[in-house]
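One structure is given below, encoded as structure tokens.
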Amino acid sequence: MQEPSYRRYVALGDSSTEGLNDPDGHGGYRGWADRLAERVAATGDGLLYANLAVRGRRTRQILETQLEPALAMRPDLVTLFSGTNDVVARRFDVVEVARDVARMQRALRETGATVLTFTLPDLGPVLPAARRLAPRIEALNAALREIARETGTRLVDLAVHPVAVDPRLWSDDRLHANSAGHERIAAALAHALGLPGTDADWMKPLPPLPRPGFRDRLLSELRWTGLHLIPWTLRHLRGRSSGDGREPKRPIPVPVSPAA
């Protein structure tokens, strides 16, 4: 069986694709897309990689600002992940979001590119305050599965794997993966691509830990509320986004070094 080979990879999305909260050691963020690019680069004779993702972007914004630039780069590999900022918004229309996702996937697939995406895990186990969002996430994931089948997009169904909601793979804000979580996502996507040396180990659960006591859980919730929930709420009440004024971190395709 011939090993997959890609020359131009473009990542579209929001803060997850941008790489929050996976520090790169130089004041920026690495993230699963960068990690995947390094893995892909190790399989060929050179990879050009662009990351158009910007934190805070909803699906419609990704469609309006990232799709055309991505198409112009003529990628043969694309990752497209969105939806988190849609489901946490005050208004959520799954039909509208699904329509925009389908439009992007079709446009990218029509160029002959391999397109990868993944479902959004239920945030409840990681973020108890988000349990009310479970129906939205379920509806979005159902739509993503159907769209992927229709367009031929490769979908990694993270939502069905319990390890995806292990708090040890999430950062302190409980909305973004930490470095270990980003590495798991990259491994899952690399496995979906059939890259050499990949396997299903990314699905394996972490060793069990004792459940924290009530006092520890309460202190953790109070700390998270003060550090993350209140600032996030105030920003959104003012109509602001964490991505206001930001540009993509890799707006044009540039060579990427292979993973060690």
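Before moving on, here are some points about what is shown:
- Peptides 51-59, 8-16 ranked from most to least packed, by the mean per-residue count of other Cβ atoms within 10 Å: 8-16, 51-59.
- In plain terms, the chain from ALA72 to ARG7 could stretch by 21.9 nm, reckoned as 0.36 nm per residue minus the Cα-Cα distance.
- Note: relative contact order over the chain, using C-alpha pairs below 8 Å and six or more positions apart, is 28 percent.
- Helical runs (DSSP H, four residues minimum) scored at -39500 (n - 2.57) apiece and divided by the length of the chain put the mean residue ellipticity at 222 nm at -12000 deg cm²/dmol.
- In order through the range 244-255: 3J(HN,Hα) via Karplus (6.51 cos²θ - 1.76 cosθ + 1.60), integer Hz, x for Gly, Pro: 4, x, 8, 10, x, 6, 9, x, 10, x, 10, x
- Pairwise Cα distances in the chain exceed 35 Å in 12 percent of cases.
- Amide H partners (placed H, <5 Å) of ASN178, local residues excluded: TRP170, SER171
Taken together, the values in this text are just the output of simple stated rules run on the coordinates, not laboratory data. Since the model is a prediction, treat every value here as computed from it, not as a measurement. Neighbour counts are summed over all protein chains in view; Cβ atoms, including those assigned to glycine, are modelled from backbone coordinates with ideal geometry.
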